[in-house]
Structures are given as structure tokens and as C-alpha cells.
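Here is the structure we will look at.
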Amino acid sequence: THPQTVAPILDSRGSVIELWPNGHSILTVPRRRDEGGAQDFILDAGSRSTDPRHEITRAGNVSFTIYPNIIGTAAEYQFPMLCFWPTSLNTTHVDILITEPRNSPDMDPAQAEAIIEQFGIVMNEDMGNVSALQKSIEAGALQHIRLGHHERRIYQFHEQLDRDLGEHVPPELRIAPVLAPYISS
């Protein structure tokens, strides 16, 4: 999905996913040790801080899902959140909120602005894929979506959605609940 932006700087082989009860989850993906040509794409706000509380967000990307409709990332000085609001059977409105501290002496304001701009590029990549998938589904060209091991957060979301909707989900549309043994308490 992000071959020129996020993929070159994150190492998905080192991903750690923790599933929590009620559809919530967290994903941590480390930075690549060899960034290969992705130096122009920024993950943090150019911090000069050595505060150990920020070590994880400096070393990679931490993202979370808050069921039912929030996905976000926790960065050293920015906290972007996407809030999804279904508007019809096949459309969704997305609110993007980006919070950051005011006047932090350890944050480079120019780099913070660049991160927001680059976040927009990544969102455009995601939304382009979602639009194409929706068209494929509506055209009948796509009957199933196979999720990889790294996408189990999506599967867990749908397990929880099926539980919450209960009998309102036709049996043929329900997914098999298989992730319970992997949910942390």
C-alpha cells in the first residue's frame, strides 16, 4: 500500500500485535535499520529529546485501534487519530484529528509540519485503495478478502462487530470467531 512512503522505513517482519478485549488492539512496527532511500519520509518531529519515555516511538511506529471507530498512532510529539463514521451501506466519513503539544522546546516546528503533510500523502494512498476495493466488491469482482497474519487486527474488529450485531448479521456473512485465544486480558 505504501511502497514509496512508509514501507521503506518500517520493518514489518518485526511487527508486534497485541489484541485486547472488545475489539481494541495495538501494533508496534520497528524502523528498518537500513532506511535505504526513505530519509525524506519522516516518522517523528525531529526531536532533540533524550527522554527515555519516547524511546519506543522514536524507534518505530505505534498504532492502535479503539473499537468501534478509531485508529491512531502514538508518536513522540503528535497524536493523529482517524475516526470512521458510516454514512450509508457503502460509504464512510473519516475525521482526521492531529494533536500535538504547544511550544515544546524539543520539537522542530518545521519537521512537525512536514509530518502532517506526509500523513496526508499516506492517507491518500489508503483511501485510494479503499475506493478501489469498494468498487470491486460492488461490481461482484471481489467475493472474498484474504487477510494476512499482520492484518489480524482487522479480523478481530469483524469478530467483535459480529458479536455486537448478533442475530442482525446473516449466518452466511458471519466470520468464524478464532482469535479468542490470542486476546490479552
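Conditions: (1) of a type in the set (A, V, I, L, M, F, W, C); (2) within 17 Å of the chain's Cα centre (by Cα); (3) open to solvent by less than 60 Å² (accessible area, probe 1.4 Å). Residue 127 meets all but one. Number of the miss?
So residue 127 meets the others, but not (3).
The rows are residues; the columns are (1) outside any strand (DSSP E or B); (2) more than 23 Å from residue 20 (Cβ to Cβ); (3) over 19 Å from the mean Cα position of the chain (by Cα).
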residue	(1), (2), (3)
96	no, yes, no
111	yes, yes, yes
116	yes, yes, no
158	yes, no, no
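Would you confirm whether any residue within segment 139-152 is assigned to a helix (DSSP H, G or I) and touching a residue at least 60 places away in the same chain (Cβ under 8 Å)?
Taking every residue of segment 139-152 in turn, at least one turns out to be assigned to a helix (DSSP H, G or I) and touching a residue at least 60 places away in the same chain (Cβ under 8 Å).
The values are calculated or read from the model by the stated rules, or taken from the named source; none is laboratory data. Everything quoted here is computed from the prediction, not taken from an experiment. All Cβ positions, glycine included, derive from the backbone under ideal geometry; neighbour counts span all protein chains shown. Protein only, heavy atoms only, side chains kept; ligands, DNA and RNA dropped before computing areas. Shrake-Rupley method; radii C 1.70, N 1.55, O 1.52, S 1.80 Å.
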